[in-house]
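Below is one structure; the comments refer to it alone.
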């Protein structure tokens, strides 16, 4: 949920130890610098969900009763159907190369929240249960609501192509990777940064 709203993970750092230290302390950024155009009610819910002490953490049964979810339901009812351009991007995406999928997933994590605001809203239109994943039934419903005709095989192919994690559903990062206009964001600096992510031994070659 944090990733969907902020476009980044709640706990980050320059090293593994730094990340785990933040996780253990429950330290994360909830400022407006990270959460642009996100309501205080939503931020309040996130704070209650990311409490380290499970005795003080909000119970699962209470999450859906939070007032932010009631506002979100109204927003879904008033929102338009998923954009035609997004559907076309999902249809055209070819993720046959594992390296391509991995590289795109790295790229979207480099983007700023404002870069993906539109796509975040599109994802939330399809993710009806707010689970952070788009499952087959949700994708099928969104496609039908937009008056697109697709066979079961076509829908299954879309999920298979996009599903880098291989769990038979589409998470937020995978959705962004399939729908962003890569040419708008893939600068030389970002390309070099992506390459370094895979060149673990710094040989300037990527091997299997």
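Here are the numbers for this structure:
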{"read-out": "Segment residue 91-residue 62, length gained on full extension (0.36 nm per residue, minus Cα span)", "value": "6.7 nm"}
{"read-out": "Cα-projected label distance for residue 140 with residue 110, points at 7 Å along beta-carbon direction, nm", "value": "3.8"}
{"read-out": "In nm, spacing of pseudo-spin labels at residue 195 and residue 167 (7 Å Cα→C-beta vector)", "value": "3.3"}
{"read-out": "Value of Rg to Rh for the stretch 93-197 (Rh from inverse mean 1/r over Cα pairs, i.e. Kirkwood)", "value": "0.98"}
{"read-out": "Pairwise FRET efficiency - residue 182 versus residue 202, Cβ, R0 = 22 Å, nearest 0.05", "value": "0.30"}
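None of the figures in this text is laboratory data; all of them are computed from the coordinates on show. Note that the structure is a prediction, hence the values are computed from the model and not measured. Here the Cβ is made from the backbone with ideal geometry for all residues, glycine too, and neighbour counts use every protein chain on show.
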